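Notes follow once the structure below has been shown.
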């Protein structure tokens, strides 16, 4: 494989939750589709992807309905881990965001139970249709260094 200077290694581990129909997902990197089908079992995705200055890895849950949540049963996707350049820091999960498209039924439930419905949340449990996303910049190792460490020493400036 011809590795380009701006390629970035990305690893993602996803777990489906379902009792009837499989969750259908789409995974995108910088708007380009990488995977678009049912998630049948826990799956590890490994990619070498062309990075831009600003990057966005997205997972979309596409086929959840209110009927999929019954008596403690659910349809969802769990993001178990995210790795960049073969590094998996718990901080990466904390930096991810989830923008659920709440159903009308959930809005009624939230209103009835005085629950605040936030448009963007921090969660690795995708229980509504919507987009989970993780953003990082290039050069990736500088981003990791600046994000995951503090006062750890000197690092090269971007020169490419």
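Where a number appears in this text, it was derived from the coordinates with a stated rule and is not lab data. The structure displayed is predicted, hence computed values, not measured ones. Every residue, glycine among them, receives a Cβ derived from its backbone with ideal geometry; neighbour counts consider all protein chains shown.
If you take the alpha carbon atoms of the range 39-117 and fit the smallest convex hull around them, that volume is 158 Å³ per residue.
Listed by Cβ neighbour count within 10 Å, with the fewest neighbours leading, 10, 78, 5, 117 appear as 5, 117, 78, 10. Note on the range 7-148: Cα-only Rg and Dmax are 15.9, 49 Å.
Across the chain, the mean sequence separation of Cα contacts (distance under 8 Å, 6 or more residues apart), normalised by length, yields a relative contact order of 27 percent.
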